[in-house]
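Take a look at the structure set out below.
The values are calculated or read from the model by the stated rules, or taken from the named source; none is laboratory data. Every value quoted in this text rests on a predicted model; they were computed, and no experiment measured them. Methodologically, a virtual Cβ is constructed for each residue, glycine included, from the backbone with ideal geometry; neighbour enumeration extends over all protein chains shown. In case anyone asks, the SASA skips ligands and DNA or RNA and just uses the protein heavy atoms, side chains included. Shrake-Rupley method; radii C 1.70, N 1.55, O 1.52, S 1.80 Å.
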2 protein chains.
Amino acid sequence: MDTLSSLDAASRALLFTDARTTSNFSATPVTDEELKEIWELAKWPPTQANTQPLRVLYVRTADGKARLIKHLNEGNRAKSESAPVVAVLALDTQFHEFIPEVFPHGAGLKDVFEGNTAKRISDGTFSAALQAGYFILAARSIGLFAGPMTGFDKAGVDAEFFPDGRFRSLAVVNLGHPGENPWRDRLPRLSPDTAVQWA
Amino acid sequence: MDTLSSLDAASRALLFTDARTTSNFSATPVTDEELKEIWELAKWPPTQANTQPLRVLYVRTADGKARLIKHLNEGNRAKSESAPVVAVLALDTQFHEFIPEVFPHGAGLKDVFEGNTAKRISDGTFSAALQAGYFILAARSIGLFAGPMTGFDKAGVDAEFFPDGRFRSLAVVNLGHPGENPWRDRLPRLSPDTAVQWA
């Protein structure tokens, strides 16, 4: 395999510049192998102290989708109905238990998080959201289209799928291939004059 | 430009599978054009209601770096000293002001966020963290190496660079090219049996 120094224009288009958030999906199926492949990419980029607090629930059976879709905002249900797979992205609120395994040279951080729930949830949510960003770009990397959504009853989803209270859902991501009228006109991005400063 | 259906192995290596978090940088400079190019990629992937709450401060002057580095945890200072550029990634706590511009068909969301500061900060932090994930992969896409860190005095950085209180720093990201001994041995990732569930 050649070593690349930067992504070519077509690859940048696939991930960033031409990629679109998809709201209506075709019947083209998504295989479990593809879903595993997303995670084999998304698991690598960095998190705080390598804590990796994101958990993924891939919902792709008819029963699973019915259990999930009833908790979505009404305006979001048809989107997920059309998607072959909906991923629930969640925070493992007890992620610190794995710190001796994933960050052995700083294992004392486990106790810091054990003793400070507010910091644990805040820091964990930040890293889990970073990983949600990686997940969306990993899905695009393997050729799937993603439609992330935050409009759903989080407590309802958590009670439905994570009844022991350990995982807290953060977002759902519809996954598949574009159907008819898959997206709106592209919405504007903020000017760099607004988003970027220099020092 | 050809249209790609998925990233090739070399591109996946650059972004995900071979990429490494960098702690020691070479003297190779990073240009302002490269920094603008990161943002021209990172600005595109999705955020909640297209709110785009992340703000970036690129610190690359000697004076700017001195002002920043004194607020980093001691163990992180040498890393940022060696980096030609350190990006401060921050939440614009008043991001909702732009909703009529960036999400015109749902402009009423501005008032929802105006009236609910806790929801505004929570939702904004989630989207800003998503964007931080996009930012790290965008830096890798243009051939830079990133070293994100959360070990710093956030209140100190905010008072130093964002004295009006509107922006809240979330992470700093060292940017450049690898120097000598640029990274540790790779730390383990959680097993898919831990991170992924199916329904």
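B:L4 meets all of the listed conditions (1) aliphatic (A, V, I, L, M); (2) at the interface with another protein chain (Cβ under 9 Å from one of its Cβ atoms); (3) closer than 20 Å to B:G176 by Cα but one, namely (3).
When A:D185 is tested against (1) at pLDDT 95 or above; (2) open to solvent by 40 Å² or more (accessible area, probe 1.4 Å), just one condition goes unmet, and that condition is (1).
The set of residues from the stretch A:113-127 being in contact with a strand residue (DSSP E or B) (Cβ under 7 Å, 6 or more places away or on another chain) and more than 8 Å from chain B (Cβ to nearest Cβ) comprises just one member, A:G124. It is to be established whether one or more residues within the stretch A:128-144 are open to solvent by 10 Å² or more (accessible area, probe 1.4 Å), touching a His at 6+ places or on another chain (Cβ under 8 Å) and either facing chain B (nearest Cβ under 7 Å) or modelled with pLDDT of 95 or more (or both). No, there is no match, as no residue in the stretch A:128-144 is open to solvent by 10 Å² or more (accessible area, probe 1.4 Å), touching a His at 6+ places or on another chain (Cβ under 8 Å) and either facing chain B (nearest Cβ under 7 Å) or modelled with pLDDT of 95 or more (or both). A single member of A:R140, A:R120 is among the charged types (D, E, K, R) and in contact with a Phe, Trp or Tyr (Cβ under 6 Å, 6 or more places away or on another chain), and it is A:R120. Residue check: A:R12 meets all listed conditions (1) over 26 Å from B:E40 (Cα atoms); (2) open to solvent by less than 60 Å² (accessible area, probe 1.4 Å); (3) part of a helix (DSSP H, G or I) but one, namely (1).
Filter the strands (runs of 3 or more DSSP E) completely within the stretch B:134-199 down to those with at least 1 residues that are under 19 Å from B:K43 (Cα atoms). Show your work before the answer.
On the way: elements: B:145-149, B:167-176, B:196-198.
Because the criterion is at least 1 residues that are under 19 Å from B:K43 (Cα atoms), the strands (runs of 3 or more DSSP E) in the stretch B:134-199 that meet it are B:145-149, B:167-176.
Within the stretch A:15-36, being among the β-branched types (V, I, T), open to solvent by less than 10 Å² (accessible area, probe 1.4 Å) and within 7 Å of chain B (Cβ to nearest Cβ) holds for no residue.
Annotation: of all residues in the stretch A:42-55 being assigned to a helix (DSSP H, G or I) and at the interface with another protein chain (Cβ under 7 Å from one of its Cβ atoms), the one that is least open to solvent (accessible area, probe 1.4 Å) is A:N50.
When residues in the stretch A:56-84 are screened for being more than 10 Å from every other protein chain (Cβ to nearest Cβ) and open to solvent by less than 10 Å² (accessible area, probe 1.4 Å), 3 of them pass.
When A:I69 is tested against (1) of a type outside the set (K, R); (2) over 27 Å from B:L14 (Cα atoms); (3) touching a residue at least 24 places away in the same chain (Cβ under 8 Å), exactly one condition is not met: (3). Is it the case that B:V172 is out of contact with any Cys (no Cβ under 6 Å at 6 or more places or on another chain), modelled with pLDDT of 95 or more, within 21 Å of A:W198 (Cβ to Cβ) and open to solvent by less than 40 Å² (accessible area, probe 1.4 Å)? Yes, satisfied.
Scanning the stretch A:153-160 for any residue that is free of Cβ contacts under 8 Å to residues at least 24 places away in the same chain, over 27 Å from A:T61 (Cβ atoms), more than 8 Å from every other protein chain (Cβ to nearest Cβ) and surrounded by fewer than 17 Cβ atoms within 10 Å (Cβ to Cβ) turns up nothing.
Are any residues in the stretch B:189-199 under 17 Å from A:T51 (Cβ atoms), open to solvent by 20 Å² or more (accessible area, probe 1.4 Å), touching a Phe, Trp or Tyr at 6+ places or on another chain (Cβ under 9 Å) and not β-branched (V, I, T), and if so, which ones?
As a first pass, look at the stretch B:189-199 and keep what is under 17 Å from A:T51 (Cβ atoms): B:189-192, B:194-196.
Remaining after also requiring open to solvent by 20 Å² or more (accessible area, probe 1.4 Å): B:189, B:191-192, B:194.
Keeping just the survivors that are touching a Phe, Trp or Tyr at 6+ places or on another chain (Cβ under 9 Å) gives B:189, B:192, B:194.
Across the stretch B:189-199, the qualifying residues are B:R189, B:P192.
Scoring B:W39 on the criteria (1) touching a strand residue (DSSP E or B) at 6+ places or on another chain (Cβ under 8 Å); (2) part of a helix (DSSP H, G or I); (3) open to solvent by 30 Å² or more (accessible area, probe 1.4 Å) leaves a single failure, condition (3).
Return yes or no: is A:P84 within 18 Å of the chain's Cα centre (by Cα), within 24 Å of B:A129 (Cβ to Cβ) and not aliphatic (A, V, I, L, M)? Give the derivation first.
Numbers: within 18 Å of the chain's Cα centre (by Cα): yes; within 24 Å of B:A129 (Cβ to Cβ): no; not aliphatic (A, V, I, L, M): yes.
No, not satisfied.
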